[in-house]
Each structure stands twice: as structure tokens, then as C-alpha cells.
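The values are calculated or read from the model by the stated rules, or taken from the named source; none is laboratory data. Computed from a predicted structure; not experimentally measured. All Cβ positions, even for glycine, are placed from backbone atoms using ideal geometry, and neighbour counts span all protein chains on display.
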Amino acid sequence: MADSCFHLFGIRHHGPGCARSLVQALDALQPDCLLVEGPPEGEVMLPFVLDAGLTLPVALLIYNPDDSQQAAFYPFAEFSPEWQALGYALARNTPTRFMDLPMSCQFALDKAHDVERASCPFPNGLEARSTSADANVCTEGADLYADPLHWLGQAAGYDDGESWWNHLVEERNDSLELFAAIAEAMTTVRSEAPARRRSDYEQQREILREAHMRKTMRQAQKDGFERIAVVCGAWHVPALEKLPSAKADNDLLKALPKTKVAATWAPWSYHNLSNASGYGAGIAAPAWYEHLWRSGGTRQRAVGWLARAARLFRAEDLDCSSAHIIEAVRLADALAALRGHHQPGLDELCEALRTVVCMGDDAPMQLIHRQLVVGDRLGGIPEQAPAVPLQRDLEQQQKSLKLKPEATRKALDLDLRQANDLARSHLLHRLSLLDIGWGDLNKTGKSAKGTFHELWTLQWQPELVLAVITASRWGNTVEGAATAKAVDRAQAAQSLPELSELVNQTLLADLQAAIGPVTQALENLAAVASDVAQLLAAIPPLTHIVRYGNVRNTDVAMVNAVLEGLIPRAAIGLSGACSSLDDDAAQAMREHIAATHKAVRLLAHEELSGEWHEALQRVAHLGSSHGLICGLAARLLFDDQVENADQTAIRMSQALSVGNDPGPAAAWLEGFLNRSGMVLLHDDPLWTMVDEWLAGLVEEHFLRVVPLLRRTFATFNAHERRQMGERAQRPMQTVSRQIDADWDAARAEQPIPLLRLLLGLSR
Amino acid sequence: MIPILRQHAEQQFTEELDALQKTDTRQRPTNWAMSPWAVATYLLGGKLENGFEVSPKYIGSRRIIEIAIATLTTDRALLLFGVPGTAKSWVSEHLAAAISGDSTMLIQGTAGTSEEQLRYGWNYAELLSKGPSRNALVSSPLMRAMEQGKTARVEELTRIPADVQDTLITILSEKSLPIPELGLEAQAVRGFNVIATANNRDKGINELSSALKRRFNTVILPVPSSEAEEVSIVSKRVAEMGRALELPSEPPALKEVRRVVQIFRELRNGQTEDGKTKLKPSSGTLSTAEAISVINSGVALAAHFGDGVLRAGDIASSLVGAIVKDPVQDEVIWREYQETVMKERSEWKDLYRACRELDE
């Protein structure tokens, strides 16, 4: 290579050892041009590399503005060789170019490939590459790197390629011959590695990419640069060493399809950089690599690392004294010496910690693994960097609400009575409407905390940047976008429950402008809806809003109006909807009725309650509908004291009378008991009636109802069942018996003095 | 020569130790008989430069042995921890044999172990006639190891009462043993170290105090990770012991070894190897050591009462003895296993029948 103007540096993405050696090599070479394996569309973003507002890790995001599902991230960390090279070149104003195949072509090719595959009825399983994986991961797939390293590592007698590479390259303090050695190793691997399972499509892609890299190199040469540093993945080095005729490459690259692409920087996290996240060129231990990069090759390396571990152990309330660390350092050193390494590596340090601090147990190590080895650093991008306006608006709000995006999972308890918390809640609800999954609302149910608390679990994942871009087609501000999306969804909605849920979300997100159109859509749909079950399902969420809306300062008048229309409609249709149901349908209807009943009670609106009760009475009328529903209606009426015990007793005796088939009778009882036996326990006449009905069944009938009754009673809790059992054992009339005895008072008095003495009662 | 029933590691493997010492050119810690690398080779087996084959003593993870040896080079004491039968004492004996050429400086921990056994005792005749003097002092193995710079072994550390255990603290941290009666102290010579073993399954053990814990590096010896590994451990040990006991039988059939190991693993893990059937786990530990003894007694039965070939009938009796530790609970477990697992395996008919015969 000495006579050539090209100086190839094959690196491993995110390798601190490579990075260190690369910086030294660049210093020695003083290149007048730098070519880096990366998308040419990203060149416009290069000026931000040196920006003070940029904190690593970040990713260069290239996406298709028309279809943001098509996107590629090129992540960089402080210890990424490419990043160091870019920084080096930009600080010296050295011309810097990206030389990979443009993403515009890659996206177009992917799309064409997807279409092709979709048309093939039996896609080859091995080839299946999901588009979402494409979106998340830079195309440098696992098979390009993990495999050859693994192969070499095993040949060298290591457990896996990762630890081999770590010891040989990343954990050393480098020499300049490193790159020649890597190139040689990769040349051998590329020519001799066992044929790996890669589709023709992937191979074709690699050929195109390498052709483009060579083309860029020729262009740089033509532009008159004399010392061109080429930084690329080690795998590509052999393909770039010799430049074949320009024509062959140009032919390959001719007439490739293209799409529109846009580029930006996106904050990235160490977790996303680790291979646990599914990132193909991921590394096992980002935090360790960062430590390697920062500590250089000094003796302090192991000590600093163990001290960090000690802090983490203490944070988890595990004993870890300085003495532990001293011993751990000694053990790690001894282990390294035993294994013939110049300094302890990650394996030795972890083993030393486990042995010295954790009593040989692996569990405490697992506890701190994520923080110690992976790390939870999250990057940030400068304010001037181009980003979609929605992203800027979101950042603005995050700042004003003091809600910082963090990579770790964190719980947030919002007190909705406070203005700031309420605003935060609105923001989070708006984001979830926009499918930007930053926060998860914990389903607290009707917890003791009341409804003015909202519990969220927040975790900012860097991929959310993509979700923001996808959402940006709805508008330029979070509020605007959420409103537009809510209105759009309302117009497209086909079912009432979906709409009522949307109304709920809209109110939670405080989208004033959307409330009108969404409730209007709900009313329109309710007016034409013929499915009573849907009407019923729509009621509970709305009632909730009306009842608890005040806490959130939301205007619920509109929803109230909707409810006033919905409940009577449902009430009118109820008896019709309950007739001729089969068992499954009756079960479903039972849930709807029970939920709606609860909602109506919650509303405490006299007129509406009245209508609802009338409807229930019609349903409770025997023979009009399925036994289960009849029973349930009778019970609900009894509970609300619309019907008194006598009326209920009449209903029950009708339902359970001998003339009826035992099947419907048992169903009625199941509905009536409504999953709780309390009513039986506390109401004697009802108990007697059930008891008599059961006792009066002829054997054949009894055998038919037993399974049904068993099913009903099995749902009660154990305590109730026991009480019922005891109750059934007792005879109905429990008359306290009096004991008549002839007391001999004189004899009874005799032991008294002794008892007094024993109990210490003086006279 | 008087036939010794069981030879110490350094006697049994003298040849290997000599060969290792001869070829060992690496740096040795003071008073070590060989370098740490050679110790690792001795335990894990390997081929020396001169072609000499060293047999593996421990079959399992190399890392574990490396950590154990590295610990001993740092003069910190080593605690081997694990369920019974995972070769803790075995590893400790071989480590001591390789490092110091002497595995006999041993203190067996029991509930009755006293402070004198750890420190020193007195020769009372001498003491009474001449008064306290160095001559009247009877050194414990631990004290001798300190004076000679060798490796002392403490077996079953957690069975020793807590107050006696704490005697070790001074020895391990100050590396000296005060003898207040004589106004002297015994200071440890370089090369001295302690290997203790303890098991975490026994009930009624004396938990180590945290002060003592801190002075040990703990290495947990796991149960064999795969069936193949366990089969190879069992076959190897049985062959060695058979030789030692002069059993005239053929080497045990691999098939039987595999079956015993499989039964043990399944009962230990509470599910069949194919993961399809859940089983009740047994109350005993069912360690590799027990599997070895089952095969061994089977071999002895076959040799003395049968035709010398190990068959299902020969292992059935000791198998039941090893598995059924708790007569009520384990009996049920064992019976269930026979009926649900063994019976279903057509090639296990002979073993099933042999076990059933025993029950009747």
C-alpha cells in the first residue's frame, strides 16, 4: 500500500482499541482527505460533529420522509473509531466524505425487494428480513461481523469471538501494525470462512456497497488528494485493497432506483448500542468500552472499573468495602497473569468481583450488570441541528415541564391537582395518542390513591425519534398533531366503544379543539347504531369522564349531552337485545349490563337511572330473555332497592319453581347470585327458597343442575363457600335451647375459697 | 508394601506431579512446588511439551479452577462452596497436593472441633514435668502449614461452631498465630494458605461471620452442566476406584452409567431430560459423588456375586438406597418416577423390573 495514495483502516464499529490506534495512525499519516463508511446523505450533518451541544452517543438518522418506516441509524459513541476519525478530520478542516452506497438507493432497493417478496407466496424462511429490523439497525448485519470473529476466536482457543477480539484488539494499547494485521485476518476469513447462510439479495447488496466505496475512492483520487485515509468496517478491507477497472463498478451502480431521503442526528443510548437490543453490529459492553477509551492503557484501568462497581453495589445495599476492591484488583491481576494477559479484561474483572464481593454468587452481579457493563448513558443533539418541528416542540415542552427524557425506566407519580403535573399528564396522553410510547400509564383501577393520581412509567427509547418523525405528518406541535390525529381517527372509527375510548383519551389529553368533532362523531354513530352491546360498552368510559372530569378541569358538558342520548337509547333497546341469546352471548351481555349498571349508578342522574331501571325490569320479567340475564336484572333491581325483598322473592320462586326446566333455573340463579353468595347468607327468605328448590328437585333434575350450580358456586371465594356450608348444616330454625338443671348451691359454693386463694383474691 | 486402601493425591499421582515439575519453567510463587499454570494443567489435564499426558482431575469449567488458583497466588484464602458431592474436597486435596506437594495438613470440621484443633494443643506429660515450653506444644496441621509455608485444608468449615471459626480470622488476616503462654507467636512463611470447603445444603450449619467471609474468596462449584459431562466424571471415577479396590470386574457398561446419571439428573432437576414431564424433586442432593458410589457398588456386586458384567439388577439396590433418603417422602417420589418415567421407556424395562422386584 505504500505506493498508493490510499491508506485503509479496517476497524470494528465501536471498538475503543481500534479508535485509539486509528487516532495514532491518523496523526502519523496527516491525511488530506478522509473517507468513512457511512451514507453520503449524512455529509450535510457533519458540521455538528464538533458542536458543543452534542453529547454522545448519537446516531445519524437517515429516513425516507414519505415513509418514515424506512429508516437507518448509524450510531456513534465516544469510542467509535469513525467518530474519532470524523472529529480528527473536521477539527483540521480536512475534507471528509461518506462513501457507502447512498441510503436513497438502499431504501429503493429494499422496497423493491419487499414488493417482490410479498408477491412470492412461499417466502424463504431463511431470507426473511423484517422491514422493522431494517429500520432499527444499520445494515451492517450480525452475520458480517459476529461470524468471522467467532470463527477466528475459536481458532485461537477462546470461548467466543468477542473475548478474543477484546483481548487482542480493544484492551491493548495499541500499535500501528494493528490495521495491517486486521486486514490480513479479514482477507483470510473472507476467502476461507465457511459459506454462511446469506441470501443472494444480501450478497448483491454487499457487492453494490463495496462498488460504491471504490467509486468514492476513485473520485477522491481524481480530485487530487494524496494521502487518503479510508475508514471502514474490517470486513470490507479486502474488497477495497485493489481497485478494479472503474467501468465494472460504474456498470453495477448504473440505473439504481432512488427515493427521497432526509438526514438528522438522533440521541442514542448505550442500551441501543449493546447487542442485547438487537443491533447487528452491537457490542456486549458499551460502558466497559467507554471505560477502556477514557482510561487509556493505564494501570488505573482495573481499579477505576472496580471502584465503579463498588459504588453500584453500595447503591443496591450490598456490602462492598475498599478492602473488597483491593482484593478484587489483586485477584483480577493474578487471573490475568494466569491466562497470559497483559492486563485484566472484562472477564477477569467480573470473575474477581463475583468471587470476592458476591461470595461466588452470580445474582448480585446480574443486579448491577446493566448499569456496570451496558451503562445507561443517553446522548443529546445540538439545538441548531435540523429536526422536524414536532421534535423541537416536544423538546421545548419537556424543558418547560421539567420532564427530561431518560434511558432508564422510571416511575412518575402525577398529582393532577397541581398545574405542572396536570400539564405533564396532558403531554403524556397526547404523545400516546400519537403513538409515541414514552410513557406507559399504569392501570391503577380504582385504587386507594383516588383519581387525582396518575402513575406513569417513563422510558425514553432512542427509536422514539422515529415515532416523532412519523407523527410529524399530523402537525408541527404536539397539541396540533394530537388534535389532528384524534379528529382523523374519530372520522374513521366504526365502533362506538372505540369512539368513546377516543373521547376519553381526547379529554385526558386536553385537546379542546378535538372534543367537539370527536363527540359529534360519537353522537352520529350512536344515533344509527343498532347494536345495543356496543351502546352499552360505550357508556362506562364516558361516565367516568363525566364523574371525574372536574379533577382535570375538563369541560364535560358535551360528554354529558352525549350520555343523555346514549343511556335512553341503550335502555330502550335492552330488552330486545336480550331476547333469544345463547349461553355465550348471554355471558357477554351479562358483562355489558353489569358494567353499564355500575356506570349508571356512578352517574347518579335520577332521570337516567329511572329509565335504566325500567329497562331492567322489562328484562327481569321471566321468559323474556336468557335465564342468566333475568337473574342478573332481578339482582340489580334488588340491590338498588327498586324492588323489595318480597318482590324479589316472588321473582325467585317463579324462576325456580318446579315447572321450569332446571337448566334455565340454574342459569337464573347464577345470574342472580352475580358472583357473590353474600345475599344468600344474609337473607333468610331467599336462602330458604333456594334451599327448598334444591331439596325439591327429583334426582334426574338434580343431576342435570349439579354441574351448572357447581360452576356458579366455584366462583365464590373460599370464605363464602365455607360460610354457606356451615349455614346449610344448621337447621333452619335455630332455637336456643335452655338447660334445665337442679343446681345444688351448697356444693357449688365449696370450691370458691380455694379458687379465691389460687387467684390471689384476698377475702 | 503394605496395601493402602486410599492413597493421598500426591501419592497416587506422583508420576504426573514429577513430570509437571520437570517441564515447568514458568515463574513459581515462593514455596510453591510448581507454577500456577502447571497447577491448572494438573487439575484440568493436558499434554506436556515432552508428550506426557496428564489426566484431568476436575472435569468442568476451566474458569473456576483458574479463579481458585489465582486466589491462592494472592495469599487470600479460598472457600470452595457448593452442594454436597460436587468435588469440593476433591479439588481442595488436589490443589494442596499440586501446590505444596502435601495434602495431609487437614482439619476436619465437625460440631466438636475445638480451638486447640485449629491452633495448638499441649503434650501434658511434657507440660507437667518441664513446664510450658516450645517442646510441650503440639502444633495443629494449620500451625505446621504456617511454619512450613504450605497449604492447609479445612473441611466442612460451616460445621465448626461459630466462635471456633473466628480463630481463623487472625490467622488469615495477620498471618500469624500468637502463643500467649510462651509469649511467642508463629508467623506464617510465604506460601502458606488455607483452602476451606463448605456446603450450602446441610441443615444446622454455622453461618460464617461476615468478618471471616471477607477473608475468603468464594468459588462455587456447580453441579455438572451437562449429562455428557456427568457421565464422563462418573465413568472415570468408577474406573479409578475399581482399580484401587481391586475389583475383578470389567469396566462398567457406559449404558448403565448413563442411566444412573440420567435418573439422578432428572430427580435433581424435577423434570425429565427432554423437558416434557415434570417430576417431584427428591429431598436428597443426588450428587455426582452418589452416582459414583451407586455404580461402584453395582460393579462390586457384579464382580463378586454375578458374572462380572454390570447389569440393571446390580445397580437397582444401591440406586434405591441412594434415592430414598426420607422413607416417606422419597419413597413416593421414587415410586412415581418408576411408574411414570421408567416404565414408559421401553429400553429401560430391565431396570424397571429389577427395581420392582426389590420393592416387593
Taking the stretch B:209-237 and the residues there that are among the hydroxyl-bearing types (Ser, Thr, Tyr) and within 14 Å of B:Gly82 (Cβ to Cβ), the one that is modelled with the lowest pLDDT would be B:Ser225
Residues located in the stretch A:216-264, provided they are loosely packed, with under 12 Cβ neighbours inside 10 Å, under 28 Å from A:Ala89 (Cα atoms) and without any contact (Cβ under 8 Å) to a residue 24 or more places away in the chain | A:Lys222, A:Gly224, A:Lys242
Checked against (1) closer than 29 Å to A:Pro47 by Cα; (2) modelled with pLDDT under 75, A:Ala276 satisfies every condition except (1)
Could you check A:Ala363 against (1) under 26 Å from A:Ala407 (Cβ atoms); (2) in contact (Cβ under 8 Å) with a residue 24 or more places away in the chain; (3) small (Gly, Ala, Ser); (4) within 14 Å of chain B (Cβ to nearest Cβ) and say which number it fails?
-> (2)
Could you tell me whether B:Ser283 is assigned to a loop (DSSP other than H, G, I, E, B) and surrounded by fewer than 19 Cβ atoms within 10 Å (Cβ to Cβ)?
-> yes
Considering every residue within the stretch A:322-334, establish whether at least one is facing another protein chain (nearest Cβ under 8 Å), part of a loop (DSSP other than H, G, I, E, B) and either in contact with a Phe, Trp or Tyr (Cβ under 8 Å, 6 or more places away or on another chain) or at pLDDT below 85 (or both).
-> no
Identify all residues within the stretch B:203-227 that are aliphatic (A, V, I, L, M) and facing another protein chain (nearest Cβ under 7 Å); write none if there are none.
-> B:Val219, B:Ile220
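For the stretch B:26-45, how many residues meet the condition of being within 14 Å of another protein chain (Cβ to nearest Cβ) and surrounded by fewer than 16 Cβ atoms within 10 Å (Cβ to Cβ)?
Residues of the stretch B:26-45 that are within 14 Å of another protein chain (Cβ to nearest Cβ), as a first pass: B:26-29, B:32, B:34-44.
Then drop every residue that is not surrounded by fewer than 16 Cβ atoms within 10 Å (Cβ to Cβ), which leaves B:26-27.
Number satisfying all stated conditions: 2.
Residue by residue, here is whether (1) closer than 13 Å to B:Val324 by Cα; (2) at pLDDT below 75; (3) in the same structural domain as B:Ile233 (by TED's automatic domain parsing) holds:
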| site | (1), (2), (3) |
| --- | --- |
| B:Arg268 | yes, no, yes |
| B:Lys276 | no, yes, yes |
| B:Ser283 | yes, yes, yes |
| B:Val299 | no, no, yes |
Return yes when A:Arg354 is within 12 Å of chain B (Cβ to nearest Cβ) and without any contact (Cβ under 8 Å) to a residue 40 or more places away in the chain and no when it is not.
-> yes
Entirely in the stretch B:64-162, the helices (runs of 4 or more DSSP H) that have 1 or more residues that are within 14 Å of another protein chain (Cβ to nearest Cβ) and within 15 Å of the chain's Cα centre (by Cα) | B:88-100
A:Leu318, sole failed condition from (1) out of contact with any helix residue (DSSP H, G or I) (no Cβ under 6 Å at 6 or more places or on another chain); (2) in a loop (DSSP other than H, G, I, E, B); (3) within 14 Å of chain B (Cβ to nearest Cβ); (4) among the aliphatic types (A, V, I, L, M) = (1)
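Of all residues in the stretch A:340-361, which are farther than 20 Å from A:Trp165 by Cβ and either under 27 Å from the mean Cα position of the chain (by Cα) or not in a loop (DSSP other than H, G, I, E, B) (or both)? If you could, list the steps in order and put the result at the bottom.
Here is the first cut: in the stretch A:340-361, the ones farther than 20 Å from A:Trp165 by Cβ are A:352-361.
A:Ala352, A:Leu353, A:Arg354, A:Thr355, A:Val356 - these are the residues of the stretch A:340-361 that are farther than 20 Å from A:Trp165 by Cβ and either under 27 Å from the mean Cα position of the chain (by Cα) or not in a loop (DSSP other than H, G, I, E, B) (or both).
Of the residues that make up the stretch B:206-214, is at least one part of a strand (DSSP E or B) and free of Cβ contacts under 8 Å to residues at least 60 places away in the same chain? Step through it out loud before you land on a result.
Residues of the stretch B:206-214 part of a strand (DSSP E or B): none.
No: zero hits.
Residue check: is A:Ala85 part of a helix (DSSP H, G or I), modelled with pLDDT of 75 or more and under 24 Å from A:Glu290 (Cβ atoms)?
Numbers: part of a helix (DSSP H, G or I): yes; modelled with pLDDT of 75 or more: yes; under 24 Å from A:Glu290 (Cβ atoms): yes.
Answer is yes for this residue.
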Number of the condition not met by B:Val309 [criteria: (1) in a helix (DSSP H, G or I); (2) of a type in the set (A, V, I, L, M); (3) surrounded by fewer than 18 Cβ atoms within 10 Å (Cβ to Cβ)] | (1)
Going through the stretch A:337-351 in order, the residues found to be within 10 Å of chain B (Cβ to nearest Cβ) and either surrounded by fewer than 22 Cβ atoms within 10 Å (Cβ to Cβ) or in contact with a Phe, Trp or Tyr (Cβ under 6 Å, 6 or more places away or on another chain) (or both) are A:Ala337, A:Leu338, A:Arg339, A:Gly340, A:Asp347
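When the stretch A:407-423 is examined, which residues are found to be in a helix (DSSP H, G or I) and surrounded by 13 or more Cβ atoms within 10 Å (Cβ to Cβ)? So that I can check it myself, show each step before the final result.
Narrowing the stretch A:407-423 to residues in a helix (DSSP H, G or I): A:419-423.
If the condition is that a residue be in a helix (DSSP H, G or I) and surrounded by 13 or more Cβ atoms within 10 Å (Cβ to Cβ), then A:Asn420, A:Asp421, A:Leu422, A:Ala423 are the ones that fit.
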Test each condition in (1) under 19 Å from A:Leu686 (Cβ atoms); (2) modelled with pLDDT under 80 for A:Ala633 and report the one that comes out false.
-> (2)
Out of curiosity, is B:Lys57 basic (Lys, Arg), away from chain A (no Cβ under 14 Å) and touching a His at 6+ places or on another chain (Cβ under 7 Å)?
-> yes
Contact list, first residue from the stretch B:299-320 and closer than 23 Å to B:Glu331 by Cα, second anywhere and polar (S, T, N, Q) and outside any helix (DSSP H, G or I), beta-carbon distance below 7 Å, six or more apart or interchain, is none
